[in-house]
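We did not get these values from a lab; they are worked out from the coordinates using the rules stated. For clarity, every value in this text was computed on a predicted model and none was experimentally measured. Note: ideal-geometry Cβ built from the backbone for every residue, glycine included; neighbour counts use all protein chains shown.
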Amino acid sequence: MKFGIIGGSGLARLAELRDARRQVVRTPWGDPSCPLTHGTLDGVDLVFLARHGYGHTLAPHEINYRANIWALKQTGVDGVVSVATVGGIRDDFGPGTLVLPDQIIDYTTGRCCTFFEGPGQPVVHVDFTWPYDDQVRGLLARAAQDLGETMVPSGVYGCTQGPRLETAAEIRMMERDGCDLVGMTGMPEAVLARELGLPYAALAVVANHAAGKGDSSREVSLDAITLAVEQAMVRVRAILSEFVRL
Ligand code: HPA
């Protein structure tokens, strides 16, 4: 399989890519976050896209998710791996925890969330019972295992609108809803991949305890988030290199 990798906060480039070449892609839905980068990782072809743009210029609600997924599909990838930075809602999900989510709850509003709208488009209701692809999740789990990395094999990702972080009460509500993780970019990315028939999985990297969690008297520190993400991405890069070889 040839994979598209969508890098989130802290993963705007895959420096390990060899023979990298950029491709500007236009889609019927507008422009993706940035040009796609084609290259090889350990001899395996892949396509990389920085979700927030190469200079991290797009906030979660400004991302053209439709253009991103369409562009990747257009390049002929067979699947998509999304690297997603998240807050940990479960008490044991502290900074540096790696999780393979298996469910999503969507709290976003006003995002363009389907390709099936507008003149001439049929009304389509895709099945989304299991939002993440099991085969891709299995490969990610195996890559982590091969490297001796611990990766939590399941979790519920709650997607908020952002760009602000959540209140402590919102996180308590999300916890009651069954969310284990909170991020801002998981939707509609996952459902758009499903609509185009692209197997999709996410590798969630916990950067911080969500608001009111951990040491609950403290505010969420953006400096601490940046540091945790930087450290975790070294491990994520190794997992991705192993993943594409499997
Ligand atoms: N909330 C939402 N998105 C995030 C967080 C958070 O606490 N940390 C990293 N992405």
> At a Förster distance of 22 Å, what's the computed FRET efficiency of Gln135 paired with Gln103, Cβ-Cβ distance as r, to 0.05?
Replying inline: 0.85
>> What's the ranking of 40-47, 155-162 by average number of surrounding C-beta atoms within 10 Å, highest first?
In response: 155-162, 40-47
> Taking other Cβ within 10 Å of each residue's Cβ, how do Arg18, Arg172 sort, fewest first?
Replying inline: Arg18, Arg172
>> Per residue of segment 111-121, what does 6.51 cos²θ - 1.76 cosθ + 1.60 with θ = phi - 60° give for ³J(HN,Hα)? Whole Hz please, x for Gly and Pro, Karplus curve as stated.
In response: 8, 6, 10, 7, 8, 9, 8, x, x, x, 8
>> Could you tell me the center-to-center distance, by alpha carbons, between segment 204-246 and segment 60-101 in angstrom?
In response: 13
>> Quick query: amide H of Gly158 versus all other amide H atoms, modeled in the peptide plane; which residues come in under 5 Å with a sequence gap of 5 or more or a different chain?
In response: Ile105, Asp180, Leu181, Val182, Gly183
> Could you give me the ³J(HN,Hα) list for segment 197-211, computed from phi with Karplus coefficients 6.51, -1.76, 1.60 and θ = phi - 60°, whole Hz, x at Gly and Pro?
Replying inline: x, 9, x, 9, 9, 10, 10, 8, 10, 6, 9, 7, 5, 4, 3
> What ranking, highest mean first, results for peptides 190-199, 118-127, 82-91 when packing means the other Cβ atoms within 10 Å averaged over each residue?
Replying inline: 82-91, 190-199, 118-127
> Measuring from label point to label point, each 7 Å out along Cα→Cβ, what is the Val234 to Asp127 span in nm?
Replying inline: 4.3
> Per the helix-only calculation at 222 nm, which mean residue ellipticity applies to the chain, given -39500 (n - 2.57) for every DSSP H run of n ≥ 4 and division by its residues, nearest 500 deg cm²/dmol?
Replying inline: -8000 deg cm²/dmol
> Which distance in nm do the two modelled labels at Thr114 and Asp78 give, with both placed 7 Å along the Cα-to-Cβ direction?
Replying inline: 3.0
> So, in nm, how far is label Leu147 from label Lys2 when the simple model puts each one 7 Å beyond its Cα toward the Cβ?
Replying inline: 2.4
